[in-house]
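Chemist: Pasting in a structure now, in structure tokens, and then I'll have a few things to ask.
FYI, it's all coordinate maths here, none of it is from the lab. None of the values given here were measured: they were computed from a predicted structure. As a convention, Cβ positions derive from the backbone with ideal geometry for all residues, glycine included, and neighbour counts pool all protein chains shown.
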Amino acid sequence: MRRQRDLRVSGSLLTALLVTLAGMHVILQGIGWWFELAMLCAVLLGVALLVRRLSERRILAPLAAAVILVAMLTLFFVPQSALLGFIPTGKSLSEFGVLLNQAGISIAEQSLPADATTPISFLLCLGVGTIAVLADALTNAARIPALAGVPLLILLAVPSAVTMDITDPVIFAFAALAYLALLRADRPRQQAGLTVALSAVVVVGSLVVPALLPNVTPAVNTGGTGFSSGVNPVLALGNNLRRDAEHTVLDYTTDSGTPQYLRLVSLDNFTGSNWEPDTPAIRTGNRPQHMGNVPGLSAKVKTKKDTSYITVLGLTSPWLPLPYPTASVAGLEGDWYWDPIGLEVRSPNRTTQGESYTASSLQINPTPAQLQTAGTTVPANLGQFLALPRDLPAVISTTAQSVAGGAPSNYEKALLLQEFFRDGDFSYSESAPVKDGYDGTGMGVIAAFLKNKSGYCIHFASAMAVMARSLGIPSRVAVGFLPGSELPDKIDGRTAFTVTSHNLHAWPELYFEGIGWTRFEPTVSRGEVPSYADLASPGVPTPVNTPGAVVPGPTASVPAAPLRRFADEVQGQNGSSASTTSPTTGWLWLLVAAAAAGLLALVPATVRASSRYRRLRLLRGGRSTAVEAWREVLQTATDLGMRVPETATPRDAAQLLREASQVNVGARTLAPVGGRMPPDEDAGRGPLDRLRSAVERESYAPAGAIGRAELAADTTRIIADLRAVTSRPRRVRAVLIPPSMWTRIFPLSGREE
Amino acid sequence: MSNTSDRGMPLEDFYRHATEIVRSIETVIDGKRDAVNMALTVLLAEGHILIEDVPGVGKTMLARALARSVDCSVNRIQFTPDLLPSDITGVSIYNQVEREFEFKPGPIFANIVIGDEINRASPKTQSALLESMEEGQVTVDGSTSVLASPFTVIATQNPVEMEGTYPLPEAQRDRFMARISMGYPDEAAEIAMLRTRESTSPLANVVPVVSTVQLISMIATVREVFVSWAVEQYAVSIAQATRRNRDLRLGASPRATLHLVRAAKARAALDGREFVLPDDIDALAIPVLSHRLIPTSRLAGDGAPFAVGAVADIIARIVAATPVPLGAVGPA
């Protein structure tokens, strides 16, 4: 039976998709995304199945599934700009574009396994949904299930492409099995032995061949330093530093002739397992020709304008290398936007490769006195930069307390922390952390780093930043480049510098009231300590850590409770699939989803009610047939819970109805030969038999006039009788969720041929 | 099986005659209304009947009672292993007076031929019936003789697993319109039978209630019954479903479909209708189809080439699964 084949094939296809999707676990964190995508696939295949049930035209099913895909994407990702929340408008489409760009950035910014953030989630839903629709069209509309292997293979190849590694062999084996099951579901009569043998070969092969193949290693990107290959900048940094081949990243000249730290991005959020960049939605108004004010900088601080002319030679990154803070950038190609918090400049769709631009920046020269004056005051809106995970290893905060907890001001605490790293037993090593298994920036890594006292810039920077946070100083980690080396020749009269891949660097930025974000340099033997942080500079106080005089971490202006909550939120977000919706919008979503589900559930009821209305109207107008009236009666009976198989003859059906409802007394069976003479057809019978007889005459007797006068009255009478013998809940169900519509969609009786 | 140009009779008269025949048969066969109705249906549909059951349940009695109720020529052939084809069709004998060969018609030349225990004869002899049953004629020594009209073979046979039987070949089985199984009588009927048949043969009391002319007219009435396209479609769907069914090695032949619809016309007329309903097809599917279908060996089981019950089940399932066309549909 076609319907059974359909159900079987769609079921197998769904299984194959779900198994293949599971292969993405190597690149995505958590399992929430799998359930989302599984639901999406189930809905799409279900819609296609349903449409095939209702219509014979093959092309309709994939079309309907595609329409539903677009509607779902709209409903779940950009409902604000859509009509009724799910009909996409031109604006929705452009928002889709923005989401796609953000997804690209999000992929570039995250380490593996990545969080399925909203943009990534959108990208996944779009891709997987398209693949599901395509696979369904190939399997069911085109009837070539074998070709469905192609979209499945694409899905299977995604993790391999990202990780440069063979996909999880177990998943691969199961995907192969599911694919074979799909082929078999299409042709159940194929020889079972052959299928089993073939499956065995495929499964064994898929497990053995990867082991025999030489290890696939990622191709070395010799063209430049890369940040957009789907990895977190932190990891990219380590990998680039460790790479033997040093290559030029960029050249720059400055008006002032002073070397510049060039910052790419600041990592604002510490999740416990990672430092991650904050990626707010791009504000398209924020063109870098005029950038915003420097956060926290007051007019009292002495600044000096400077201009840098930067030419990127070998760097692919969505962020622009810039001095901090930059006021404007000129000469860029394409779309670049600045972010008001970190003042970094990034592009949703370009990389830095080949860009040549002029950046006007400020040199901030706070005096130690100004820094000291900032005291321990922290603006309330910087809670994000104080957030620490609840389960932060005690060694980090106790070390911080013992090193700097007793200092009176945040500035002195910062000096003590920097001193702790630079002047202590710490050594610089790019390989030790990798060798000993604590590479990265997570809190476990920091604890190990504090114990082993060996690491490179990222360890120093993240350790100092986390310790600063534990002492109540807002902090973040900046990723970028050291100033590089001065070139012997001047260019256009300006001192020229060249920056190589080995100049990649990370450093902590601490916030001081009135000054803003201030760079420190805890990394031993690297970089250059700014004058305000150099104990040897004039005016810089020798900080004293007074044991016992422990100053409470967060000061009065930042109440502890909200801080904690914020920390929880950050954690919660990263624990789950990192949706950025607040609780209220979450509820709103639930409501919208529930309302949509409710509306969807009422569709069959509406279709049913309108078809009844139309039939009865035509009947009353004498423009319909007995068969239509009969169909209405049978459908009503089905709705009321009386089962009348569609293979029943009118007589059988009438008998079933009579038994089910005692409608219409005067039971009549087929007159046996030798009994009484067949009575006059319609005489003395109830409406049910009159209608049944009319149906038989209309369908099977020679063409002739059929009395239609009573059809409408008989039909309404029978329906009323049927309803009268039915319980109220059944009647309500018949109206709201008419079973006749569901049996059309999901046939109950297995039909045999 | 000839071209009867007689006109049919009004349905009321048809019904009255049919009732008389049934009553007449029922004086000798108690409690077998279905079998009797079926036999009459096939007779009126110009088909041949195969009555199959264990010995002693009244197969021959039904055949003879039906034959005697109609005033027409009746011959009875007792099939035995040594019966020759010419014992059925007749032989050409040299007439020394006329100095030429003269055809001596065999017992096949009658309106109703009762073939008793047909499966006791050799296949060769059984096949002698083939031509006559299908074409209503007999060819002996190159000359063809047309059989009487109406012509109906009522054959009885024992189940094939009984001793000394030759199963009927598929081709021969296919020529019977329907197979009837008598079944054992119920308790009351068996006791009644003991009373009535203690002394005399009840058949002696059966007198013809319908003349040959009336029978021919009744057959013409059946021919006039209307079969809609929807019902034809339904019958064909069922037949095709038997050909596709996985449990059947041999499905219904086109002749089986033809027989199904013809029998349905007779049943409709007997029900007082001038048109066939799908219900007629439903009711006749098992008697008309079951003896023609061969189940796969899986279902046949050991030693039983035709698992009657299994085949009937399959047909019932097919009928239950075939949608009934509704509405004034026609060939597209």
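Chemist: Counting only residues 5 or more places away or on other chains, whose amide H sits under 5 Å from the amide H of B:Phe226 once H atoms are built in the peptide plane?
Modeler: It is B:Phe275, B:Val276, by chain and number.
Chemist: Once you order the gyration tensor axes a ≥ b ≥ c over the Cα atoms, which shape class does region A:261-349 get: rounded for a/c under 1.5, otherwise prolate or oblate by comparing a/b with b/c?
Modeler: Rounded, because the longest to shortest axis ratio a/c is under 1.5.
Chemist: If you don't mind, there's one more thing I want to ask. If you place +1 on the Cβ of every Lys and Arg and -1 on the Cβ of every Asp and Glu, how big does the dipole about the Cα centre of region B:1-224 come out, in debye to the nearest 20?
Modeler: With only Lys, Arg, Asp and Glu charged at Cβ, the dipole is about 300 debye.
Chemist: Of A:Pro277, A:Asn349, A:Thr316, which is farthest along the charge dipole of region A:225-368 in the positive direction, counting Lys and Arg as +1 and Asp and Glu as -1 at C-beta?
Modeler: A:Pro277
Chemist: Follow-up question, since we're still on this one. Which is the longest run of chain B containing none of the GluC sites (Glu not before Pro) found in DSSP loop states (not H, G, I, E, B) with at most 12 other C-beta atoms within 10 Å?
Modeler: B:199-332
Chemist: Let me spell out the model: positive unit charges on the Cβ of Lys and Arg, negative unit charges on the Cβ of Asp and Glu, origin at the Cα centre of region A:225-368. What dipole size does that give, in debye rounded to 20?
Modeler: 380
Chemist: Oh, and also: How much length, in nm to one decimal, is gained on full extension between B:Ala320 and B:Val236, taken as 0.36 nm per residue of separation minus their Cα-Cα distance?
Modeler: In short, 28.8 nm is gained.
Chemist: Okay, next question. With label points built 7 Å along Cα→Cβ from the Cα atoms of B:Glu163 and B:Phe103, find their separation and express it in nm.
Modeler: 4.1
Chemist: Right, next: Averaged across B:276-282, how many Cβ atoms of other chains sit within 10 Å of each residue's Cβ atom?
Modeler: 5
Chemist: Further, regarding this structure: Using the Cα centre of region B:1-224 as origin and beta-carbon charges of +1 (Lys, Arg) and -1 (Asp, Glu), tell me which of B:Phe151, B:Ile118, B:Ile25 is placed farthest towards the positive end of the dipole.
Modeler: The listed residue farthest towards the positive side: B:Ile25.
Chemist: I'd like to compare A:532-542, B:75-85, A:145-155, A:256-266: which one has the highest average count of other Cβ atoms within 10 Å, and what's the full order after that?
Modeler: For the peptides A:532-542, B:75-85, A:145-155, A:256-266, the packing ranking is A:256-266, A:145-155, B:75-85, A:532-542.
Chemist: For region B:225-324, give the magnitude of the charge dipole about the Cα centre (Cβ charges: +1 Lys/Arg, -1 Asp/Glu; no others), in debye to the nearest 20.
Modeler: In total the dipole reaches around 380 debye.
Chemist: Would you kindly derive the ³J(HN,Hα) couplings of region A:460-477 from the backbone phi angles with the Karplus curve 6.51 cos²θ - 1.76 cosθ + 1.60 (θ = phi - 60°), listing them in order in whole Hz, with x for Gly and Pro?
Modeler: 4, 5, 6, 5, 5, 5, 5, 5, 4, 4, 5, 9, x, 9, x, 8, 8, 10
Chemist: Kindly identify region A:78-144 as rounded, prolate or oblate by the Cα gyration tensor criterion: order the square roots of the eigenvalues as a ≥ b ≥ c, call it rounded if a/c is under 1.5, otherwise compare a/b with b/c, prolate if a/b is larger, else oblate.
Modeler: oblate
Chemist: Excluding same-chain residues fewer than 8 positions from B:Lys265, which aspartates and glutamates have a Cα within less than 13 Å of its Cα?
Modeler: Filter leaves B:Glu46, B:Glu224, B:Glu232, B:Glu274, B:Asp279, B:Asp280, B:Asp282.
Chemist: Continuing with this model, one more query. According to a simple spin-label model (label point 7 Å from Cα along Cα-to-Cβ), what is the distance in nm between A:Leu83 and A:Thr130?
Modeler: Computed distance between label sites A:Thr130 and A:Leu83 equals 2.5 nm.
Chemist: Under 24 Å Cα-Cα from A:Lys302, which lysines qualify once same-chain neighbours fewer than 8 residues away are excluded?
Modeler: Here the lysines satisfying the reach criterion relative to A:Lys302 are A:Lys413.
Chemist: Only loop residues by DSSP count here, and only those with at most 13 other Cβ atoms within 10 Å; note down the trypsin sites (Lys or Arg not before Pro) in region B:117-197 that meet that.
Modeler: Filter output for region B:117-197: B:Arg197.
Chemist: Straight-line reach from B:Lys104: which lysines fall under 26 Å, measuring Cα to Cα and dropping same-chain residues less than 8 apart?
Modeler: Straight-distance partners of B:Lys104: B:Lys124.
Chemist: Now for a different question. According to the square roots a ≥ b ≥ c of the eigenvalues of the Cα gyration tensor, what is the shape class of region B:1-224, taking rounded for a/c under 1.5, prolate for a/b larger than b/c otherwise, and oblate for the remainder?
Modeler: In terms of gyration-tensor shape, oblate.
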